[in-house]
1. In the stretch 26-49, what residues are in a helix (DSSP H, G or I) and surrounded by 13 or more Cβ atoms within 10 Å (Cβ to Cβ)?
2. Within the stretch 266-309, restricting attention to residues that are more than 19 Å from K31 (Cβ to Cβ) and acidic (D, E), which residue is surrounded by the most Cβ atoms within 10 Å (Cβ to Cβ)?
3. Give me the residue from the stretch 248-267 that is outside any strand (DSSP E or B) and among the aliphatic types (A, V, I, L, M) and, out of that set, nearest to N2 (Cα to Cα).
4. Which residues, counting only those in the stretch 287-307, are under 18 Å from A125 (Cα atoms), among the hydrophobic types (A, V, I, L, M, F, W, C) and at pLDDT 95 or above?
5. Among the residues of the stretch 1-20, write down those that are in a loop (DSSP other than H, G, I, E, B) and either surrounded by fewer than 19 Cβ atoms within 10 Å (Cβ to Cβ) or among the aromatic types (F, W, Y) (or both).
6. Can you name the residue in the stretch 82-97 that is among the hydroxyl-bearing types (S, T, Y) and at pLDDT 75 or above and, of all such residues, is surrounded by the fewest Cβ atoms within 10 Å (Cβ to Cβ)?
7. Hey, can you tell me all the residues within the stretch 268-309 that are touching a residue at least 24 places away in the same chain (Cβ under 8 Å) and part of a loop (DSSP other than H, G, I, E, B)?
Amino acid sequence: MNNLSVNHLTGIRDLTREDIELIFKTADSFKEVINRPIKKVPSLRDITIANLFFENSTRTRLSFELAEKRLSADVVNFSASSSSVKKGETLIDTVNNILSMKVDMVVMRHPNPGAAKFLSERVNARVVNAGDGTHEHPTQALLDAFSIREKLGSVEGKKVVIVGDILHSRVALSNIYCLQKLGAEVMVCGPTTLIPKYIHELGVLVEHNLRKALEWCDVANMLRIQLERQDIKFFPSLREYSMQFGLTKEILDSLSKKIIVMHPGPINRGVEITSDVADSDQSIILDQVENGVAVRMAVIYLLASKIGR
């Protein structure tokens, strides 16, 4: 199969395992490209992509922008904080104005869950979800799984624990869907207040003791505490959270086996992980950043091949 089964990437839930494997195979070849002296390919020279960020993001936006430029696409950046959206313009009006400038693809981050899907059903362009509220963040899950595959040879049969603020995390939800589709076992770990009540329905294990979770897993994906999404206090203090759920070098070294440590960033050093863990040889955090560009190149390239069909 050389084609994705979807016309848009609005969530991992819509992808098949074959789609994910095709994205990975394509990302493998793009990873070679970005490690060459000349890091560009002319694949999307005639394609115009608009990056619409209705929510602040530095790393994801830069990663997408770099991916688009590596593929030689024309790139338009749009930041809602400085736009007419502030003056009451609707999402559809904003996007239609941009599409009337003949844009082929829209990469969008939006605070409302479902915004990317809503958009994909109403505009004549390919849509990539760069994060919609607390719902999904598909490219992050893809690059996380790609990084595990790169480090351990495959995702199938691996045990992955996602630690932290599961309740407010779109990364957690997309990761659960992606890892399960690839045959991994998934556990979530965190304070009871930050674990959604329905999580069992997704077929994941739940653990509230960090050490037990770490002894179980092959890979620990440490999420940051999303204070900006929390309108009430879910735990007494950050200090207390880090004492119970923060990963230190001491804990890492005391485990009965070597595990891999991941983090989608940005890291709150000293809260969910200490600096010596983030910078240790068991951390693949910088690999995740590099792989993010290759995976996003693959997604954009594969969706662009469906334009005009």
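1. Going residue by residue through the stretch 26-49, those that are in a helix (DSSP H, G or I) are 26-34.
Selection gives T26, A27, D28, S29, F30, K31, V33, I34.
2. E272
3. Taking the stretch 248-267 as the starting set, the residues that turn out to be outside any strand (DSSP E or B) are 248-259, 263-267.
Imposing the further condition that a residue be among the aliphatic types (A, V, I, L, M) reduces the set to 251-252, 255, 259, 267.
Values: I251: 44, L252: 41, L255: 42, I259: 34, I267: 36 Å.
Only one residue fits best here, namely I259.
4. Kept after step one, since they are under 18 Å from A125 (Cα atoms), are these residues of the stretch 287-307: 296-307.
Right, trim to among the hydrophobic types (A, V, I, L, M, F, W, C) and you get 297-300, 302-304, 307.
Within the stretch 287-307, M297, A298, V299, I300, L302, L303, A304 qualify.
5. To start, the set of residues in the stretch 1-20 that are in a loop (DSSP other than H, G, I, E, B) comprises 1-8, 10-11, 15-16.
Within the stretch 1-20, M1, N2, N3, S5, V6, N7, T16 meet the criteria.
6. So in the stretch 82-97, the residues among the hydroxyl-bearing types (S, T, Y) come out as 82-84, 90, 94.
Going one step further and asking which of them are at pLDDT 75 or above, we end up with 90, 94.
Numbers: T90: 10, T94: 19.
Checking each candidate, the answer is T90.
7. Across the stretch 268-309, the qualifying residues are N268, G270, V271, E272, T274, S280, Q282, I284, S305, K306, I307.
Rundown of residues vs (1) farther than 22 Å from R17 by Cα; (2) touching a residue at least 40 places away in the same chain (Cβ under 8 Å); (3) touching a strand residue (DSSP E or B) at 6+ places or on another chain (Cβ under 8 Å), yes/no style:
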{"site": "L71", "(1), (2), (3)": "yes, yes, no"}
{"site": "D74", "(1), (2), (3)": "yes, no, yes"}
{"site": "T90", "(1), (2), (3)": "yes, no, no"}
{"site": "H110", "(1), (2), (3)": "yes, yes, yes"}
{"site": "N124", "(1), (2), (3)": "yes, no, no"}
{"site": "V127", "(1), (2), (3)": "no, yes, yes"}
{"site": "K159", "(1), (2), (3)": "no, yes, yes"}
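The values are calculated or read from the model by the stated rules, or taken from the named source; none is laboratory data. Computed from a prediction, not measured in an experiment: that's the story for all the values here. Positions of Cβ are generated from backbone atoms using ideal geometry, with glycine treated the same way; all protein chains shown enter the neighbour counts.
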